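The values are calculated or read from the model by the stated rules, or taken from the named source; none is laboratory data. The model shown is predicted, which means the values in this text are computed figures rather than measured ones. Ideal geometry is used to build each Cβ from the backbone, glycine not excepted, and the neighbour counts take in all protein chains shown. With ligands, DNA and RNA removed, areas are computed over all heavy atoms of the protein, side chains included. Shrake-Rupley method; radii C 1.70, N 1.55, O 1.52, S 1.80 Å.
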Amino acid sequence: MPDFRTPQVMAIVNVTPDSFYAKSRLADEEQVVQRVAQAVAEGASIIDVGGYSSRPGATEVSPEEEWRRVEIGLRAVRAVSQSVMVSVDTFRAEVAAKALAFDRRVIINDISGGDADPRIVDVAAEAGAAFVAMHMRGTPETMQSLTDYEDVVTEVAESLRRKAEMLVGRGILPERLILDPGFGFAKSAEQNFRLLAHLDKICALGFPVLSGVSRKSMIYRTLNITPEESLAGTTALNWESLRQGATILRVHDVREAVQTVRLFGMFEQNR
């Protein structure tokens, strides 16, 4: 069983035509294989396959089309490597079940943490699968109108604490549960930075924490640049995520993230 408390780099593989970062959009199987091979060569330990863009305003995708895309990604991963971990970014039980039938080792990465389709929790639990539960309010279409918090850190931490309790109660193995604070999902830029500054509060819940800040609007809007120009900002925030206690970095740029993890490890050894 993988140790999610050891820093890992999760490579984003979007088998979608409309993800917010244009260079992450992959149209055909050959492109997906090339992307996976590059990510593995650069040191990714997890490949995160998604067939449904969660950016605001993204086109609705049927479960059948989502699975068609995810299956392309899964085939590509296993064509490149039989050993690299693979996660499927989906909130649909139907897609999760098909992914786990394809490969029982698949991690389920649900942006809704089981809220959008509660059956997904049973699917993951029955398979003994690792499960990533992210904090989000509403849906990708409505989330940016749901940013009213009295204290974003306290409220997100408490929400994830309750979510973890529910998921473990429904059969997700505690050692296979990963929490994600959901940077950019129902949070303003200021709230994202406050949450990052106190990410240790989420880590204190006792589960591995995934940080997904790669090239997000909290970086490029703050700096008045584009997602394409946001690598340096991503690297800076990835370092801070590690410093606060996160152990999984979900990224577009694997080489730079792997280097950040290595440098942070050396820094920690010599403190």
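Using the Kirkwood radius over C-alpha pairs as Rh, can you work out the diffusion coefficient of the range 133-271 via Stokes-Einstein at 25 °C, viscosity 0.890 mPa s, in µm² per second?
The calculation lands on 157 µm²/s.
Hey, what did the range 109-204 get for relative contact order, percent, Cα under 8 Å, at least 6 apart?
Answer for the range 109-204 is 36 percent.
Leaving ligands, DNA and RNA out of it, report the carbon-plus-sulfur percent of the accessible area of the chain at a 1.4 Å probe.
51 percent
Against the 2.2 N^0.38 Å scaling, with N counting residues, where does the range 41-171 land? I'd like the Cα-based Rg ratio to two decimal places.
Compactness ratio reported: 1.10.
For the chain, what does the helix formula give at 222 nm: sum of -39500 (n - 2.57) over DSSP H segments with n ≥ 4, over the residue count, nearest 500 deg cm²/dmol?
-13500 deg cm²/dmol
Please give me the summed charge of the neighbours of Ser188: other residues whose Cβ is under 13 Å from its Cβ, Lys and Arg +1, Asp and Glu -1.
Here the charged neighbours net out to +3.
Given the alpha-carbon gyration tensor of the range 200-264, what are the semi-axes of its equivalent ellipsoid in whole angstrom, ordered largest first, with each equal to the square root of 5 times an eigenvalue?
21, 14, 9
Note down the accessible area of Thr147, probe 1.4 Å, to the nearest 10 Å².
40 Å²
Between Arg250, Arg105, Arg162, where does the largest GNM mean-square fluctuation fall for the chain, given springs only between Cα atoms within less than 10 Å?
Comparing Arg250, Arg105, Arg162 in a Gaussian network model of the chain, the most mobile one is Arg162.
For the chain, report the accessible area per residue in Å² (1.4 Å probe, heavy atoms, rounded to an integer).
Here the per-residue accessible area is 44 Å².
Find, among the GluC sites (Glu not before Pro) in the range 38-113, those assigned to loop by DSSP (not H, G, I, E, B) with at most 14 other beta-carbon atoms within 10 angstrom.
Hits after loop and neighbour filter: Glu60.
For P(r) over Cα pairs in 5 Å bins from 0, in percent, one of (1) 1, 5, 11, 14, 15, 12, 9, 6, 4, 3, 3, 3, 3, 3, 3, 3, 2, 1, 1, 0, 0, 0, 0, 0; (2) 1, 6, 13, 18, 21, 19, 13, 6, 1, 0, 0; (3) 1, 5, 12, 16, 19, 18, 14, 9, 4, 2, 0, 0 was computed from the structure I shared and the rest are decoys. Which label?
(2)
Given the whole protein assembly as supplied and a 1.4 Å probe, what does the accessible area of Lys216 come to in Å², nearest 10?
40 Å²
Using a simple spin-label model with points 7 Å from Cα along the Cα→Cβ vector, what separation in nm is obtained for Glu240 and Arg262?
Reported label-point gap for Glu240 and Arg262 is 2.5 nm.
Can you list which of the chymotrypsin sites (Phe, Trp or Tyr not before Pro) found in the range 213-271 are DSSP loop residues with at most 10 other C-beta atoms within 10 Å?
Here no chymotrypsin sites (Phe, Trp or Tyr not before Pro) fit, given the DSSP loop and packing criteria.
Take every Cα pair under 8 Å in the chain that's 6+ residues apart, average their separations, divide by the length, and report that relative contact order as a whole percent.
19 percent
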